[in-house]
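The values are calculated or read from the model by the stated rules, or taken from the named source; none is laboratory data. Computed from a predicted structure; not experimentally measured. As a convention, Cβ positions derive from the backbone with ideal geometry for all residues, glycine included, and neighbour counts pool all protein chains shown. With ligands, DNA and RNA removed, areas are computed over all heavy atoms of the protein, side chains included. Shrake-Rupley method; radii C 1.70, N 1.55, O 1.52, S 1.80 Å.
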Amino acid sequence: MLYLDNSATTAVLPEVMNKMMIYLSQEYGNPSGKYYRLAENAKKAVEEARRYVAELLNANEREIIFTSGATESNNMILKGVADYYSTRGKHIITSKAEHKAILDVCKFLETKGFEITYLDVDQYGRVSPKELEKAIRNDTILVSIIWGNNELGSLNDIESLSNICKTHNVFFHTDATQVLGKIPIDLKKYDGISFLSCSAHKLHGPKGIGAAFIRSDEFGELIPITPLLHGGGQENGIRSGTYAVHNIVGFGEAARIGKENLSKNISHLQALEEKLILLLKKNFGNKIAFNSDSKNKIPGIINVRFIGLHNEILLKKLAPYIAASSGSACSSTEPSHVLKAIGLDLKQIRESVRFSLSPYNALEDLDIFNEL
Ligand SMILES: Cc1ncc(COP(=O)(O)O)c(C=O)c1O
């Protein structure tokens, strides 16, 4: 079976797993412990992992806060900013093509008296910088726009969007879960980004671990927000809870490997994507239509309509040979809100399938598409 659902999750790399095993067996100390070697070793491992994640993002180490994943990072930042800055304003801007881990947090904040503007997106799911600028008001405290769309692969113009927010003195958050290890990310250059969310399991790391980037000022002080979890005061009091050292180490290793191979992986994903598109066109001709843009996108994510076929029936038939999905792994029963936002009707949404590739796929793996 060929696994082409890497936007849902990825296989843990053997190097990652081997390193994790050490911290599940002999090095089981709690990094918050003192004086003894097991604690010191665990602490060193956590800090090394933090450095690797920071290097992948070109951020400062202190700006990386480990969380349980992108869902938690999104919750922490949106709720944390909303609570801390509610006296400044109660208006938040996002888009209609965000992941549910943003949209459902926004729905929750609406019940707490916040007003949310959901920006329209273009035919590929992108937000217009002009529309964003028009939507900013005096009481806007936060803008949250996804960097790379999880269903379509389209990249937003994060540089322009974040610069607009910087000019207007509004915090800018981006959900970068799908772009980590797939495009270069330079948070020193994109200094309009105040916050970012990411996750290890889309990067051949383990599930249940992610990070929030919170920008620091010239004195090293992070932008203050209200913590989501209170308790032992770990992560500078921003995210309490005993460190999941094995998971953190796994994330660090996946980030290190992801950075080391970034340009090679991007080129390979582009080659895989080109081949897959050619094979789909050759074997299905005018029975398919592409929902994804061909440029300005995360390499390796393709969303395609099989005209006249129901995606769930197709995916079930394909399942013994190819694992793909109808979009976001989190909402497979509902028709995709992202495809709706780009203007597809229900029939077209039901025809749509997402193939998401991994840099660890071989070009020859795709020849299976000649046998369908
Ligand atoms: C864009 C995006 N944001 C958030 C998430 C949730 O990430 P996690 O599984 O780490 O909570 C996902 C995963 O599906 C995603 O694709």
**Q.** Dipole-positive endmost among LEU103, GLY232, LEU78 within segment 14-260 (Cβ charges, Cα centre)
**A.** GLY232
Q. Once amide H atoms are built 1.01 Å from N in the peptide plane, which residues 5 or more positions from ILE322, or in another chain, come under 5 Å H to H?
A. LEU2
(Q) Contact order normalised by length for the chain, with contacts defined as Cα pairs under 8 Å and 6 or more residues apart; what percent is it? (A) 24
Q. Nearest 20 debye, what's the magnitude of the dipole of the chain about its Cα centre given +1 on Lys and Arg Cβ and -1 on Asp and Glu Cβ?
A. 320
Q | Heavy-atom accessible surface of the chain: percent carbon and sulfur, 1.4 Å | A | 52
Q) Taking +1 at the Cβ of each Lys and Arg and -1 at the Cβ of each Asp and Glu, which of PHE355, ALA49, PRO184 sits farthest along the dipole of the chain towards its positive end, judged by Cα position relative to the Cα centre? A) PHE355
Q.
Could you give each residue of segment 217-229 its phi-based ³J(HN,Hα) in whole Hz, using Karplus coefficients 6.51, -1.76, 1.60 with θ = phi - 60°, and x for Gly or Pro?
A. 8, 5, 9, x, 7, 6, 4, x, 9, 7, x, 7, 10
Q: Considering Cα pairs under 8 angstrom that are at least six residues apart, work out the relative contact order of segment 87-168 and quote it in whole percent.
A: 37
Q) Given only helices, namely DSSP H runs of n ≥ 4 each adding -39500 (n - 2.57), what is the per-residue ellipticity at 222 nm of the chain, to the nearest 500 deg cm²/dmol? A) -11000 deg cm²/dmol
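Provide TYR85, TYR23, TYR28 ordered by accessible surface of protein heavy atoms (probe 1.4 Å), highest first.
Most to least solvent-accessible, the answer reads TYR28, TYR23, TYR85.
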Q: Can you sort ILE22, ILE342, ILE313, ILE298 by 1.4 Å-probe accessible area, starting with the largest?
A: ILE313, ILE22, ILE342, ILE298
Q | trypsin sites (Lys or Arg not before Pro) within segment 143-244, DSSP loop, no more than 12 other Cβ atoms inside 10 Å | A | LYS188, LYS189
Q: Mind checking which of ALA341, ASN30, VAL121 is farthest towards the positive end of the chain's charge dipole, using Cβ charges of +1 (Lys, Arg) and -1 (Asp, Glu) about the Cα centre?
A: ALA341
Q: Would you please classify the overall shape of segment 14-260 from the alpha carbon gyration tensor, given that a ≥ b ≥ c denote the square roots of the eigenvalues, rounded means a/c under 1.5, and beyond that prolate means a/b larger than b/c while oblate covers the rest?
A: prolate
Q. Could you work out Rg/(2.2 N^0.38 Å) for segment 178-234, with Rg from alpha carbons only?
A. 1.32
Q: List, in the order given, every pair from LYS259/LYS316; LYS79/LYS166; LYS100/LYS130; LYS275/LYS340; LYS259/LYS317 whose Cα-Cα distance in the structure shown is over 32 Å.
A: LYS259/LYS316; LYS259/LYS317
(Q) List the residues, sorted by chain then number, that are 5 or more residues from PHE290 or on another chain and whose placed amide H is less than 5 Å from its amide H. (A) ARG305
Q) Considering only the other residues whose Cβ falls under 11 Å of the Cβ of ASP293, what net charge follows from Lys and Arg at +1 and Asp and Glu at -1? A) +2
